[in-house]
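Here the structure is laid out as structure tokens; the discussion comes afterwards.
The values are calculated or read from the model by the stated rules, or taken from the named source; none is laboratory data. Bear in mind that the values here come from a model prediction, so they are computed numbers and not experimental data. Cβ atoms come from the backbone with ideal geometry, glycine included; neighbour counts cover every protein chain shown.
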Amino acid sequence: MGATQEKLIVIAPATGKQIGEILETPISQVDSFYQNGKTAFLQWSNLDVSDRAKYLLKLKAIIVEQMEEIAKIIAEDTGKVVTEALVADIMPTLDGIDHIIKHGEKILQRQKVKTPILLIGKKSFIEYMPRGVVLIISPWNYPMQLAMIPMISALAAGNTVILKPSEVTPLVGKCIEDIFVKAGFPEGVVQVAHGSKEVGAAFTNGKPDYIFFTGSVRTGKIIQQVAAKDLIPTTLELGGKDPMIVFADAHLERAAKGAAWAAFTNSGQVCMSAERLYVEKNIYPQFLTLLKKEIMDLKQGTDVDSDVGSMTFRSQIQICKDQLDDALRKGARLETGLSPEKWENGMFLPLTVVTNVNHQMKIIQEESFGPLLPVIPFESEEEVISLANDTVYGLNASVWTKDKEKARRVASKLVSGAVVINDAIISIANHGLPFGGAKQSGIGRYHGDAGLRIFCHEKAIVEDNGRKKSEIHWYPYKEKYPLFLQLFKSYFQTKRDWVRFAQYYLRILKKN
Ligand code: NAD
């Protein structure tokens, strides 16, 4: 388009090697992106859901065919191990596409709802009308699924999409663009704007019809403020500081393995990773020994058998250092890992467990988004519920016990978008469940039925067959007031008194 394009040099975080270059989308192109999206919307929104699903089917086939290649791109661009690229980024994307292909038509079709007797003779429906051009801004930690699930949901619902993927993992953004092109989506239905936060800000200011944002609380607040100026609706999927609660009657070996995985998968760069571990006091020393053993056995690296990869984003390392420094200065004890001054300069951080921590420390209050696991003993159910809820976040949580009643009781008291019992994180993998946060972890939900319907105007339709000359609530009101009074009294006092209801109703009708 004639505008100069900045080049993003892409460095693999795990190896430090240059692995590609990406051209930034010039900000001068924002208007033409929206224009293309609006034009494409006219056709795309008129297709049946089943016709849109055919494109998704093609998309799925391409991802399956290129699975290994995509896993390699994700692993290189993020530093995560290839097994996690496959299991936690590609698989949930494919399963999300399947879910929408299977259930999308039913979720988005016109739904008949009951019409109350006071609206006698009418029918009521809910219709789902696509909104227009949806802006999706995504982060770097699960760069495929966190971009693609909102994309395919918005598309299935009849919207066109502009994706602004994270500049930290731009090769995955490019890979997503290529997959959509290959799947043959009509021009303008899916557009990808590559680049930094300035590009994201320019598109946010471009007046999309909906913004779906996944990222930090800080950026979420900025986006919400910009959107508020034009009352643009948003979904915000933000950070977390998720508690993991282990009761003495849990399967301790399982819980220790689960804690190691939940804290260190993706090097802890997971919005739902276990970032605070509460362990019942009478098993605390025993559990700590089991946990340390699990961590000793983990292998950090880049080869196919490695368990834990590198950090993706260098700035995250400083946040982890600050939090650990603060904790150690205030008396925390290292159980595994090293103190920050001994950390090497690379992107692999020591897998760190700290004890003797409390709720006044940053490591307990602020999102770490790295491989730090603070552990706190607790004595009672009430105490641990209150500790777990003592946070500005509320994304996910886990409760570990063999006592089903207790697990459900505690789960229902946690202020959290999701709770997993005797496992962690995996609620996001069930596309039938809503996903989203409480408190500062976000606004709104996706996945599940809501995941498609948020991308629609939910329209109420009341239908009359139009054959009656008039309605009882229309003019003239003359002599109707006492009859309405009797009608509503008979209706709301004794709903089963149909005879009296019909008498009053007919008398008012005659007044028309
Ligand atoms: P971030 O907020 O820095 O960036 C996210 C995206 O927003 C990027 O594409 C970035 O370019 C863009 N952006 C930044 N500033 C912007 C602005 N002013 N206007 C428009 N766009 C802008 O977040 P991140 O570092 O990429 O991701 C990590 C954060 O995301 C963590 O806090 C994590 O907890 C959260 N997260 C939440 C979920 C969830 O589903 N709730 C999932 C993954 C990550």
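Identify, please: which residue in segment 208-222 is in a loop (DSSP other than H, G, I, E, B) and crowded, with 18+ Cβ neighbours inside 10 Å and is, among those, nearest to the ligand (Cβ to nearest atom)? Outline the logic, then answer.
Taking segment 208-222 first, the residues in a loop (DSSP other than H, G, I, E, B) are 208-209, 215-216.
Now restrict to residues that are crowded, with 18+ Cβ neighbours inside 10 Å: 208-209, 215.
On the way: PRO208: 11, ASP209: 16, GLY215: 3 Å.
Top of the filtered list is GLY215.
Might you let me know whether segment 144-154 holds any residue that is under 19 Å from the mean Cα position of the chain (by Cα), among the β-branched types (Val, Ile, Thr) and either under 19 Å from ALA450 (Cβ atoms) or at pLDDT 95 or above (or both)? Walk me through it before giving the result.
Keep residues of segment 144-154 that are under 19 Å from the mean Cα position of the chain (by Cα), which gives 144-154.
Applying the additional criterion that residues be among the β-branched types (Val, Ile, Thr) yields 149, 152.
Pick out the ones that are also either under 19 Å from ALA450 (Cβ atoms) or at pLDDT 95 or above (or both) and you get 149, 152.
Yes - at least one qualifying residue is present in segment 144-154.
Give the residues of segment 268-300 that are closer than 27 Å to ILE428 by Cβ and among the aromatic types (Phe, Trp, Tyr), sorted by residue number.
TYR278, PHE287
Only one of ARG314, ARG333 is of a type in the set (D, E, K, R), in the same structural domain as LYS413 (by TED's automatic domain parsing) and over 29 Å from PHE247 (Cα atoms). Can you tell me which?
Only one candidate passes the filter, namely ARG314.
Can you name the residue in segment 406-444 that is in a loop (DSSP other than H, G, I, E, B) and away from the ligand (no atom under 16 Å from the Cβ) and is also farthest from the chain's Cα centre (by Cα) among such residues? Let's see the steps before the verdict.
Quick first cut of segment 406-444, residues in a loop (DSSP other than H, G, I, E, B) only: 414-419, 422-425, 430-434, 436-438, 444.
Still in the running and away from the ligand (no atom under 16 Å from the Cβ): 414, 422-423, 432.
Values: LEU414: 18, ASN422: 22, ASP423: 19, GLY432: 13 Å.
Here the residue is ASN422.
Among the candidates ALA259, ALA255, ALA250, ALA263, which residue alone is more than 16 Å from the ligand (Cβ to nearest atom) and within 18 Å of LEU395 (Cα to Cα)? Spell out how you get there, then give the answer.
Details: ALA255 fails: within 18 Å of LEU395 (Cα to Cα); ALA250 fails: within 18 Å of LEU395 (Cα to Cα); ALA263 fails: more than 16 Å from the ligand (Cβ to nearest atom).
Unique residue meeting the criteria: ALA259.
Out of GLU275, GLU280, which single residue is acidic (Asp, Glu), within 30 Å of ILE136 (Cα to Cα), outside the structural domain of TYR34 (by TED's automatic domain parsing) and in contact (Cβ under 8 Å) with a residue 60 or more places away in the chain?
Details: GLU280 fails: within 30 Å of ILE136 (Cα to Cα).
Matching residue, one of GLU275, GLU280: GLU275.
I'd like to verify a number: residues in segment 220-244 that are without any contact (Cβ under 8 Å) to a residue 24 or more places away in the chain and polar (S, T, N, Q), how many?
1
For segment 340-385, what are the residues that are without any contact (Cβ under 8 Å) to a residue 60 or more places away in the chain and at positive phi?
ASN356 - this is the single residue of segment 340-385 that is without any contact (Cβ under 8 Å) to a residue 60 or more places away in the chain and at positive phi.
In this structure, is VAL384 outside any helix (DSSP H, G or I) and away from the ligand (no atom under 15 Å from the Cβ)? Steps first, please.
Working: outside any helix (DSSP H, G or I): no; away from the ligand (no atom under 15 Å from the Cβ): yes.
Considered against the rule, which asks whether it is outside any helix (DSSP H, G or I) and away from the ligand (no atom under 15 Å from the Cβ), VAL384 comes out as no.
Report every pair of residues separated by at least 6 positions or lying on different chains whose Cβ atoms are under 8 Å apart, first residue within segment 405-432 and closer than 23 Å to ASP89 by Cβ, second crowded, with 16+ Cβ neighbours inside 10 Å and modelled with pLDDT under 95.
HIS431/GLY448; GLY432/GLY448
With respect to THR336, is the statement that it is closer than 18 Å to ALA263 by Cβ and either touching a residue at least 40 places away in the same chain (Cβ under 8 Å) or surrounded by fewer than 15 Cβ atoms within 10 Å (Cβ to Cβ) (or both) true? Before you say what the answer is, go through the steps one by one.
Numbers: closer than 18 Å to ALA263 by Cβ: yes; either touching a residue at least 40 places away in the same chain (Cβ under 8 Å) or surrounded by fewer than 15 Cβ atoms within 10 Å (Cβ to Cβ) (or both): yes.
The answer is yes for THR336.
Got a number for residues in segment 163-174 being over 14 Å from VAL30 (Cα atoms) and either crowded, with 23+ Cβ neighbours inside 10 Å or near the ligand (Cβ under 9 Å from one of its atoms) (or both)? Walk me through it before giving the result.
Filtering segment 163-174 for residues over 14 Å from VAL30 (Cα atoms) gives 165-174.
Filter again for either crowded, with 23+ Cβ neighbours inside 10 Å or near the ligand (Cβ under 9 Å from one of its atoms) (or both), leaving 165-170, 172-173.
Of the residues in segment 163-174, 8 are over 14 Å from VAL30 (Cα atoms) and either crowded, with 23+ Cβ neighbours inside 10 Å or near the ligand (Cβ under 9 Å from one of its atoms) (or both).
Pick from LEU373, LEU351, LEU414: which is touching a Phe, Trp or Tyr at 6+ places or on another chain (Cβ under 7 Å) and under 30 Å from GLN145 (Cβ atoms)?
Details: LEU373 fails: touching a Phe, Trp or Tyr at 6+ places or on another chain (Cβ under 7 Å); LEU414 fails: touching a Phe, Trp or Tyr at 6+ places or on another chain (Cβ under 7 Å).
Just a single option satisfies the conditions, and that option is LEU351.
Take the residues in segment 192-201 that are near the ligand (Cβ under 8 Å from one of its atoms) and crowded, with 21+ Cβ neighbours inside 10 Å, then tell me which one is farthest from MET148 (Cα to Cα).
Across segment 192-201, the extreme among qualifying residues is VAL199.
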